[in-house]
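Student: So that we are looking at the same thing, I have put the structure below in structure tokens.
The values are calculated or read from the model by the stated rules, or taken from the named source; none is laboratory data. All figures in this text were calculated on a predicted structure; none of them were measured in a lab. All Cβ positions, glycine included, derive from the backbone under ideal geometry; neighbour counts span all protein chains shown. Heads up: the accessible areas ignore ligands, DNA and RNA and are worked out on the full protein's heavy atoms, side chains in. Shrake-Rupley method; radii C 1.70, N 1.55, O 1.52, S 1.80 Å.
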Amino acid sequence: MVMIHHITLGNTSEERRKALFPLIRSGVITLGGYKKAGIYGLLSCASGRQMKVAHRIFFSDEQEAVRAGYRPCGHCLPRQHKLWKAGLPWMEEGCGTFKISNMQEPVNLLPADGEVYFYPAFFSAGEQDILFETLVTSIAWKQEPVWIMGREIMQPRLTAWYGDRGKSYSYTGITMHPQEWTPALLEIKARVTAVTGHTFNSALLNFYRDGNDSMGWHQDNEKELGANPVIASLSLGVERNFLLKHAKDKNLREKILLTPGSLLLMKGTTQHHWYHSIPKTTKVTTGRINITFRTIVG
Ligand SMILES: O=C(O)CCC(=O)C(=O)O
Ligand SMILES: [Fe+2]
């Protein structure tokens, strides 16, 4: 039994946030509950955010919440809520639904000439919410210019560069010096290494403020990245499409929906044969943060 009362995690909201993050990260906590009404739901549930701290409880899993007499939330667990209302059992046998369940080795999404792997639930909904908020406020975001055909043009997104000391990097005419890793970035990097088996010494961060921000077609083939770059790309915030097109064979195109909390791993010869982009979209009015972990060689 875990059943953590939110109020017991610290005296200030900052203290409680700090205590809560590792519990969510490690999967000790996967669901939240409203003590006054006996309702449990997802950590990302909008109605779950409004309650007073004193009324919030956390559970390790669904069985625990149900055993404690809680019932599913109608907003974030509509399927379970409907069954509960009808007096029917709503839990699936051996329910691990809310645990990170798809960490098994993913399959290569490219048909040829490279390797792209997608981990949809790399971070849970609750973890990704906390990480997004943390990074919006703690990263030194800037809108940087780039030089294209002799003209200085502002990038259609905000960027930031973090990494081990002394690793600088040039990118379409600008040289970036990394900032020192923040605690949140180090935690994320450790998890990426644990799951993918790859180490990284730097990260380029992109903040797409809304659907009007984008990234044009490119290859991450700068010589600082080595012959066959390994790039692990984490998505937080609103989902955006990621497009891939083969450099020679115009019939080869891929589209991957980068959902919140997902990780995309590009490796092998991908950067030699494929271009990728994040196109503009009128459908998106909120922000997305992307972290691409890289290794600068030499
Ligand atoms: O935002 C993304 O997912 C892609 C970022 C990217 O391609 C890059 O930073 O090189
Ligand atoms: Fe890229």
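Student: Go through 209, 253, 240 for me and flag whichever is basic (Lys, Arg), assigned by TED's automatic domain parsing to the domain that holds residue 157 and in contact with a Phe, Trp or Tyr (Cβ under 8 Å, 6 or more places away or on another chain).
Tutor: 240
Student: What's the number of the condition residue 11 fails, among (1) touching a residue at least 60 places away in the same chain (Cβ under 8 Å); (2) part of a loop (DSSP other than H, G, I, E, B); (3) over 23 Å from residue 77 (Cα atoms)?
Tutor: (1)
Student: Enumerate the strands (runs of 3 or more DSSP E) found wholly within segment 158-229, keeping only those where 3 or more residues are within 14 Å of ligand 1 (Cβ to nearest atom).
Tutor: Answer list for segment 158-229: 158-163, 169-171, 202-208, 215-218.
Student: In segment 233-259, what count of residues is obtained for those that are under 20 Å from residue 287 (Cα atoms) and open to solvent by less than 50 Å² (accessible area, probe 1.4 Å)?
Tutor: Count: 12.
Student: Determine which member of the set 74, 96, 126 is outside the structural domain of residue 260 (by TED's automatic domain parsing) and at pLDDT 85 or above.
Tutor: None of the other options fit; the residue is 74.
Student: Could you please tell me which pairs satisfy a Cβ distance under 8 Å, a separation of 6+ or placement on different chains, a first residue in segment 44-57 that is polar (S, T, N, Q), and a second residue that is surrounded by 11 or more Cβ atoms within 10 Å (Cβ to Cβ) and outside any helix (DSSP H, G or I)?
Tutor: 44/76; 47/41; 47/73; 47/75; 47/76
Student: What's the total number of residues in segment 260-277 that are outside any strand (DSSP E or B) and open to solvent by 10 Å² or more (accessible area, probe 1.4 Å)?
Tutor: Residues flagged as outside any strand (DSSP E or B) and open to solvent by 10 Å² or more (accessible area, probe 1.4 Å) within segment 260-277 amount to 5.
Student: Also: At pLDDT 90 or above, under 23 Å from residue 275 (Cα atoms) and more than 20 Å from the chain's Cα centre (by Cα): does that describe residue 156?
Tutor: yes
Student: So for segment 287-295 (the condition being open to solvent by less than 20 Å² (accessible area, probe 1.4 Å) and either of a type in the set (Ser, Thr, Tyr) or on the phi > 0 side of the Ramachandran plot (or both)), does at least one residue qualify?
Tutor: yes
Student: Inside segment 192-221, can you point out the residues that are in contact (Cβ under 8 Å) with a residue 12 or more places away in the chain and open to solvent by 40 Å² or more (accessible area, probe 1.4 Å)?
Tutor: 195, 198, 199, 209, 210, 212, 216, 217, 221
Student: Another question about this same structure. Among 182, 159, which is more than 26 Å from residue 216 (Cβ to Cβ) and open to solvent by less than 60 Å² (accessible area, probe 1.4 Å)?
Tutor: Only one candidate passes the filter, namely 182.
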